[in-house]
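Below: one structure, written as structure tokens.
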Amino acid sequence: MKKYMILCAGLCAAMAFTSCKSSESAYKKAYEKAKAQEAAAVETNTEANVVAPVEEKPIDEVKVVDNADNVSVRQEQVSLIDGSGLKNFSVVVGSFSLKANAEGLQQRLKESGYDAQIVKNNDRNMYRVVATTFADKSSAVQSRNELRGKYPDAWLLFNGN
């Protein structure tokens with residue numbers, strides 16, 4: 001019984017490998033067809049499909065698109081727990097249910113040179129760790145993009161009290 005299974009598996013493998021092989025005659029036919037088209041084009045004195053070169057033009061104007069207006073911003077009512085105070089747009093790099101965890105991240109951010117702050121969302125009972133805070137959205141977006149290298153889940157908080 002074992003011999004028959006091995007024999008069947010070998011036959012199946014051999015059939016699979018031989019059925020996928022491309023035939024040399026197909027390549028030969030394609031080559032002959034291309035040669036015939038080339039010869040016909042020479043006889044009628046017309047050139048085969050010729051593509052015009054790309055025309056290069058100098059750049060007169062560069063338009064920079066700023067997508068800061070398309071960045072999503074969360075609006076939450078928060079109260080300052082520890083820090084110097086929030087401006088309108090803040091970059092949140094961590095959210096914790098335990099204040100001690102938020103304080104640990106705040107300390108690491110301060111050691112990295114950020115003016116990190118802790119705010120609390122009383123509705124959700126979450127401590128938010130704010131790395132940077134700005135008056136305008138575009139600066140906050142730029143800071144969030146830089147912080148996402150180390151904190152991929154960084155997001156923007158709008159605090160328009």
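None of the figures in this text is laboratory data; all of them are computed from the coordinates on show. All values derive from a computational prediction rather than experimental measurement. Positions of Cβ are backbone-derived with ideal geometry, glycine not excepted, and every protein chain shown enters the neighbour counts.
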Counting only the backbone N, which residues of the stretch 92-118 are under 14 Å from the spot 7 Å out from the Cα of residue 146 toward its beta-carbon? 112-116
Total formal charge among the other residues, if their Cβ is under 14 angstrom from that of residue 123, Lys/Arg +1 and Asp/Glu -1: +3
Karplus (6.51, -1.76, 1.60) ³J(HN,Hα), θ = phi - 60°, over the stretch 139-149, in Hz, Gly and Pro reported as x: 5, 5, 5, 4, 5, 4, 4, 5, 6, 5, x
By average C-beta atoms within 10 angstrom, highest first, the peptides 148-157, 28-37: 148-157, 28-37
Phi-derived 3J(HN,Hα) across the stretch 113-128 with the Karplus relation (6.51, -1.76, 1.60, θ = phi - 60°), rounded Hz, x for Gly and Pro, is x, 8, 8, 6, 9, 10, 10, 10, 9, 5, 5, 9, 6, 10, 9, 9
What are the principal axis extents of the Cα atoms in the stretch 99-161, in Å, biggest first? 29, 29, 19
